Amino acid sequence: MDLSGKNYKAFIERQEALKKQYSPANAEKQHSKGKLTARERINLLFDSGSFEEIDTFVTPAQQTVEFGKLERTYGDGVIVGHGKINGRLVFAYSQDFTVMGGSLGLVHAKKIAKIQEMALKMGAPIIGMMDSGGARIQEGVASLSGYAAIFHNIINSSGIIPQLCVIMGPAAGGAVYSPALSDFVFMVNRTSYMFVTGPNVVKEVLNEEISSEELGGAEVHGRKSGVAHMIYEDEENTIMALKKFLAYLPSNNVENPPVHTDDGSTPDINEKLRDIVPDDPNKAYDVKDVINLIIDRNSFFETAELYAPNLVTGFARLKGKTIGIVANQPKVLAGVLDIDSSTKGARFIRFCDAFNIPILTLEDVPGFLPGKDQEHSGIIRHGAKLLFAYSEASVPRITVILRKAYGGAFIVMNSKSLGGDFSFAWPTAEIAVMGPDGAVAILYRRELAESKNPAELKKELVKKYRDKIANPFIADELGYIDEVIDPAVTRKKIISAFSALSNKWVKVPARKHGNMPL
Amino acid sequence: MNDEKPEIKKLYALSSENRRFTFSLPLKNTIRIGKRSYAVTLKSDEKFGTYILLKNRKYPVEVVRSRQNRYEILFNDISYTFTIETPFSLKRLKVLRSYSGKAESEVIKAPMPGKIIDVLVREGAAVLRGEPLLILEAMKMQNEIQSPVNGHITRVMAKSGTNVMKDDVLIEIKVG
Amino acid sequence: MKIKRLLIANRGEIAVRIISTAREMKIETVVVRNANEPDAMYVSLADIVFDNTEDPEEIPVFLNIGRLIEIAIETKCDAVHPGYGFLAENAYFAQKCIENKIIFIGPSPDAIYKMGNKTIARELAMKQGIPMATGSRGNIGNEEEAAAAAELIGYPVIIKAASGGGGRGMRIVRKPEELEKMFLIASKEAEKAFNDPSVFIEKYIENPKHIEFQILGDTKGNIVHLGERECSIQRKHQKLLEEAPSSALDDNLRELMGSMAVRMARAVGYYSAGTVEFLLDSDRNFYFMEMNTRIQVEHPVTEMITGIDLIEQQIRVASGEALAFRQKDVRIKGWSIECRINAEDVQAGFAPDPGKIEKLVLPSDPYVRTDTGVRAGSAIVSSYDSMIAKLIITGTDRKDAIRKCKLALDKVWIKGVKTTLPFFRMLVRNPVFIDGTFTTAFIEKQLDKYYLNSEYEEMLAAWLATRLFVDENLRRDSISIDYENGKEMSPWLLNKRINQF
């Protein structure tokens, strides 16, 4: 840059100093751990040349202090700014582990808060890429307040703009609340972890040795705690997935989600759908086979795949338009609802509701998981969350009952009386208060006790029950199901139904907020 | 400071036996065999299904499954599994490999008592996270037990048709 | 008595095979449609279909003697062809057919019974002076008898089931310490597989070749042999590839073994088609093993080199006709190789790979014959065998046959299930196979891999994977989004949304 004149000298000097700070040696600090630098992540995420950084040259709040020495570094450990992702305005912050370990100090927090406020003002999504050692001990309460401000902003924006969080390094102690409060969390396997209390303290207090990975690695949060929704093996795949994911979402809660071009390769009518549900009611099938046949080709993006796999949640497209899918998965735990799946489903539904994403429910649920574990841990309250979330949702809601729909679970899974807009059923549907075995045992208790061949009689009665009481035609004739449909035309039916519902608007009751069971 | 986008210039396809194939980007529809380049086309028709055309010969091909950057391809009746890595992710793999001294092993235990209906994998098979390992029937329900990790099956203790108790060890997987 | 209508008590490729010959002979065919494969190819080729799909099938229909007889009577069939497997070697079934005045296309129930019991067969062979491996006389009752017999015969020995084969109830014992354990295992297995725990013990011949002779006889006492088949390419006692003739036999040996085979058949008054199995050791000594009283899977290779349609001969003999030729009229010309293409995964140790055949294209060159019971759209179900097709290649000599095999194998196109094609493509290029010196130990002991690794095929697969990755993630247009469309909504809705906050 050949700009002579003393006004530009300081400008150029600072640029040089920044370049020096971000030398290849600096990058190597991250690379040698298999991690990308904060800038590289930003560059991968945003469309080429579209990222505008702000507050690049801020310096830490405290230059001299009693404990430890602070360097005169630029940026205070985080890069913030805005840019375009696939042509759309998005705000982001990316913590920089190479600068003071990415620790959060006053200025670092202020930068993030600034970008959050901007995102809210512009009605654009915000993405946080976390890679930080946590609160900067030297700055004491200022760090903690910094966090609080960030969390407060997330909460203020919650349900107004999509907030996504990517964990690409440590996120410990207070830092974990950013992901916890965000809409969706992406996590990179093996080079990132999250926990409230780290292994050191665990060792001290409980005398238990546990590694960071075992305590709060991606596996743990993807499979067990459900805090992380999407797990990837490396950073590049994570960022590419994030971009794909974002393309399903609207920029804010007033807009509709963006519409994609549908290549038309999914047939509206597909006879293969008739073969998916097995004749044997105790045999399982993969509900994702159903999903893949009715949505636009390759458009299913599953969320929280490893957590509560008995309920499948994710986004998909129908003729290019985003929908959210909630489906019972018969091949895991026979598709029952339990605590984990209820909370997983409830959160997903509320996100869809907040952001105008219509919901498709595919139902095949024999009930709730029985047992002391579930009851004592509060399946009552947690199941109620799912009920509340469905009932409260004012986006278009369609249900297709594939097979079983018994009792409380039938009610919970978006039944018409909960405000579901359309309810379809396949001919294989069984809608009843109780499954045939249980019902027959109760209704015909005496006959079975007196019978000479109870097993034979039970078989007969179960068949009669299935034919006479549990079949979907009764529900259809009574008006609790809108239509029993040929599975082959499912896609056609739901597209037409969603189309009719595209202008749906329901007035939400005037109140501060409901008292959802938590 | 608006830097150069790290343009990915090459991609590596790593086979499950650690063979590495390098492809420069943008990806051309050609392959180098020996000193010459040949055109490769992916086609599909009613009679033959999907196939690859090379040197006037058709090869049947099927994408068996794909997950993130991992692809299982059935080519001319042989299955190959590849992960597609960028230069950076390749370096990352090396770094991660140097970390774990011992090969991590994941033990799959029965989550509840029941009967093994079907064992879907055999020793040596590669599995991807989320893939089904076996079907356990418990409480009159069919339960699919999925692999929690990417790896290879080292031992299959579960036998189809047998009853198991909670926490019985069913399968051992070597991670990675 | 002339057969006008024939019930085929079988399915798959053999049913199709029998229909083909019956059609040429202008005989009507009746088949049984069952619930496991209601849309099978054989169903659409027969003249009359008996629909048995409503039958709950506690016993599979092809094993249900009563049911099959019922069907034959109801459909007014003159005869029944049992094919291979199922009830083909069930003397009781043959007897029941005869009792119900239905011609059984096969030998007499007596011959089936005698040859079906390996101990009786051995006894007969011994009486006829047919060379065989030293073995126990009669069945072995317990461990002590087993040990004594083994001592007498000399280790290594093999314990075999009296009532069946295919590897079940069979155990090789090399050391006296293992005998008791193996005896118990073999008996249990035999009981489970054949409902008869009886076993006998024979000297185990190391690494033999498996050579079998095709026998054909009529009810007038004329019995001929149609040459041998080389069946040493086996894995776990399942044949994978068969040839006719065998490169291990010269004319003299062929004549000698052939005459022994005929002698064995004559000892039970055999008629119809049958196969006498021998083991051939490295010193060219041959030993009678057993006789199979049915048409075999690999019969086509014999048909190709003799020009004789064996199914046709079976039907003629069953109608009471005399064979139109004598031994001296049987000429062998050319060389034939059969590859059994199964729906199995060679990378997983030949584990069955059931599924639906999406595409099937078989070569139609003049040197290729394909016997198959499936077509595009057929399902390979786990309740039946995993056979897709038999590829039978005929050449002027062995070298020519192998050359044509290579060509034919590359023309087979099957999609939807994994097949054993990679195995055959490797086999026809393997030096041991090419020089013909392989024994029954070849596949299991001398091969460490069942397919060839082609580097450039792997590279093509890698290219495809990379192509998919690029298309899904790196292309500029992999995400084509219309943001404006999302912003366009009816004023009614927009108004409501904005006002609600």
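The values are calculated or read from the model by the stated rules, or taken from the named source; none is laboratory data. Remember, predicted model here, so these are calculated numbers, not experimental data. Note that we place each Cβ from the backbone using ideal geometry, even for glycine, and neighbour counts take in every protein chain shown.
Restricted to region C:246-262, and to residues there that are within 27 Å of C:His81 (Cβ to Cβ) and of a type outside the set (Val, Ile, Thr), the residue that is surrounded by the most Cβ atoms within 10 Å (Cβ to Cβ) is C:Ala261. If you go through region C:1-42 and keep only what is in contact (Cβ under 8 Å) with a residue 40 or more places away in the chain, part of a loop (DSSP other than H, G, I, E, B) and of a type in the set (D, E, K, R), you end up with C:Lys2, C:Lys4, C:Arg11, C:Glu37, C:Asp39. Taking (1) modelled with pLDDT of 90 or more; (2) over 21 Å from the mean Cα position of the chain (by Cα); (3) in a loop (DSSP other than H, G, I, E, B) in turn, A:Val205 satisfies each apart from (3). Is there a residue being without any contact (Cβ under 8 Å) to a residue 60 or more places away in the chain and over 22 Å from A:Leu360 (Cβ atoms) anywhere in region A:424-432? The answer is yes; a qualifying residue exists. Number of residues in region A:304-323 that are out of contact with any helix residue (DSSP H, G or I) (no Cβ under 7 Å at 6 or more places or on another chain) and within 14 Å of chain B (Cβ to nearest Cβ) equals 3.
Any residue that is more than 11 Å from chain A (Cβ to nearest Cβ), surrounded by fewer than 14 Cβ atoms within 10 Å (Cβ to Cβ), under 25 Å from A:Ser32 (Cβ atoms) and without any contact (Cβ under 8 Å) to a residue 60 or more places away in the chain - is there at least one of those in region B:100-109? Scanning region B:100-109, I find at least one residue that is more than 11 Å from chain A (Cβ to nearest Cβ), surrounded by fewer than 14 Cβ atoms within 10 Å (Cβ to Cβ), under 25 Å from A:Ser32 (Cβ atoms) and without any contact (Cβ under 8 Å) to a residue 60 or more places away in the chain, so the answer is yes.
One residue stands out in region A:40-61 among those that are surrounded by fewer than 21 Cβ atoms within 10 Å (Cβ to Cβ) and touching a residue at least 40 places away in the same chain (Cβ under 8 Å): the one that is nearest to the chain's Cα centre (by Cα), namely A:Leu44.
Conditions tested, residue by residue: (1) closer than 20 Å to A:Asn86 by Cα; (2) away from chain C (no Cβ under 14 Å); (3) touching an Asp or Glu at 6+ places or on another chain (Cβ under 6 Å).
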| residue | (1), (2), (3) |
| --- | --- |
| A:Ile231 | no, yes, no |
| A:Asp234 | no, no, no |
| A:Ala247 | yes, no, no |
| A:Thr261 | yes, no, no |
| A:Glu271 | no, no, no |
| A:Asp280 | no, no, no |
| A:Leu293 | no, yes, no |
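With a requirement of 3 or more residues that are at pLDDT 90 or above, the strands (runs of 3 or more DSSP E) lying completely within region B:1-54 that satisfy it span B:10-15, B:20-24, B:36-45, B:49-54. Hey, among the residues in region A:181-204 that are crowded, with 19+ Cβ neighbours inside 10 Å and out of contact with any strand residue (DSSP E or B) (no Cβ under 8 Å at 6 or more places or on another chain), which one's farthest from A:Phe351 (Cα to Cα)? Result: A:Pro199.
Against the conditions (1) in a helix (DSSP H, G or I); (2) surrounded by fewer than 21 Cβ atoms within 10 Å (Cβ to Cβ); (3) polar (S, T, N, Q), A:Ser178 satisfies every one except (2).
A quick yes/no check of all residues on (1) at pLDDT below 85; (2) touching a Phe, Trp or Tyr at 6+ places or on another chain (Cβ under 7 Å); (3) part of a loop (DSSP other than H, G, I, E, B):
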{"site": "A:Lys244", "(1), (2), (3)": "no, yes, no"}
{"site": "A:Tyr248", "(1), (2), (3)": "no, yes, yes"}
{"site": "A:Asn252", "(1), (2), (3)": "no, no, yes"}
{"site": "A:Asn256", "(1), (2), (3)": "no, no, yes"}
{"site": "A:Pro267", "(1), (2), (3)": "no, no, yes"}
{"site": "A:Leu273", "(1), (2), (3)": "no, no, no"}
{"site": "A:Asp280", "(1), (2), (3)": "yes, no, yes"}
{"site": "A:Asn292", "(1), (2), (3)": "no, yes, no"}
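Of all residues in region C:216-261, those that are within 20 Å of C:Glu303 (Cβ to Cβ) and acidic (Asp, Glu) total 5. Take the conditions loosely packed, with under 14 Cβ neighbours inside 10 Å and either touching a helix residue (DSSP H, G or I) at 6+ places or on another chain (Cβ under 9 Å) or assigned to a helix (DSSP H, G or I) (or both) and apply them to A:Lys452. Does it pass? Against the criterion (loosely packed, with under 14 Cβ neighbours inside 10 Å and either touching a helix residue (DSSP H, G or I) at 6+ places or on another chain (Cβ under 9 Å) or assigned to a helix (DSSP H, G or I) (or both)), A:Lys452 does not qualify.
A:Gly438 satisfies every condition listed in (1) in contact with a strand residue (DSSP E or B) (Cβ under 9 Å, 6 or more places away or on another chain); (2) in a loop (DSSP other than H, G, I, E, B); (3) over 30 Å from A:Cys352 (Cβ atoms) except (2). Scanning region C:410-433 for residues that are outside any helix (DSSP H, G or I), in contact (Cβ under 8 Å) with a residue 24 or more places away in the chain and more than 10 Å from chain B (Cβ to nearest Cβ) returns a single hit, C:Val428. Only residues that are closer than 15 Å to A:Glu363 by Cβ and either in a loop (DSSP other than H, G, I, E, B) or not hydroxyl-bearing (Ser, Thr, Tyr) (or both) were counted across region A:294-316, and they come to 4.
Looking only at residues in region C:16-72 that are of a type in the set (Gly, Ala, Ser) and modelled with pLDDT of 90 or more, which one is nearest to C:Gly355 (Cα to Cα)? Outline the logic, then answer.
Of all residues in region C:16-72, those of a type in the set (Gly, Ala, Ser) come to C:20, C:22, C:35, C:40, C:44, C:46, C:66, C:72.
Filter once more, keeping what is modelled with pLDDT of 90 or more: C:20, C:22, C:40, C:44, C:46, C:66, C:72.
Working: C:Ser20: 26, C:Ala22: 30, C:Ala40: 14, C:Ser44: 20, C:Ala46: 24, C:Gly66: 31, C:Ala72: 32 Å.
Only one residue tops the list, namely C:Ala40.
With respect to the conditions (1) more than 7 Å from every other protein chain (Cβ to nearest Cβ); (2) within 14 Å of the chain's Cα centre (by Cα), B:Thr50 falls short on a single one, namely (2).
Counting only strands (runs of 3 or more DSSP E) that sit completely within region C:145-233, those holding 2 or more residues that are under 19 Å from the mean Cα position of the chain (by Cα) correspond to C:209-217. Candidates A:Ser299, A:Ser251, A:Ser265: the one that is more than 11 Å from chain B (Cβ to nearest Cβ), over 15 Å from the mean Cα position of the chain (by Cα) and touching a residue at least 60 places away in the same chain (Cβ under 8 Å) is A:Ser251. Scanning region A:28-41 for residues that are among the β-branched types (Val, Ile, Thr) and facing chain B (nearest Cβ under 9 Å) yields a total of 0. Within the option set B:Glu137, B:Glu62, B:Glu123, being within 14 Å of chain A (Cβ to nearest Cβ) and farther than 28 Å from A:Val188 by Cα holds for one residue only, B:Glu137. When region C:14-34 is filtered for residues that are of a type in the set (Gly, Ala, Ser) and under 22 Å from C:Gly66 (Cβ atoms), only C:Ala15 remains.
Here is a yes/no grid of residues against (1) among the acidic types (Asp, Glu); (2) more than 14 Å from chain A (Cβ to nearest Cβ); (3) surrounded by 12 or more Cβ atoms within 10 Å (Cβ to Cβ); (4) over 28 Å from B:Asn150 (Cβ atoms):
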residue: B:Pro26; (1), (2), (3), (4): no, yes, no, yes
residue: B:Thr41; (1), (2), (3), (4): no, yes, no, yes
residue: B:Lys55; (1), (2), (3), (4): no, yes, no, yes
residue: B:Glu72; (1), (2), (3), (4): yes, yes, yes, no
residue: B:Asp77; (1), (2), (3), (4): yes, yes, yes, no
residue: B:Thr86; (1), (2), (3), (4): no, no, yes, no
residue: B:Val95; (1), (2), (3), (4): no, no, yes, no
residue: B:Asp118; (1), (2), (3), (4): yes, no, yes, no
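Just one of the listed residues (C:Gly129, C:Gly83, C:Gly106) is farther than 26 Å from C:Ala15 by Cα and assigned to a loop (DSSP other than H, G, I, E, B), and it is C:Gly129.
Of the set (1) under 23 Å from the mean Cα position of the chain (by Cα); (2) surrounded by 13 or more Cβ atoms within 10 Å (Cβ to Cβ); (3) not acidic (Asp, Glu), all apply to B:Arg122 but (2).
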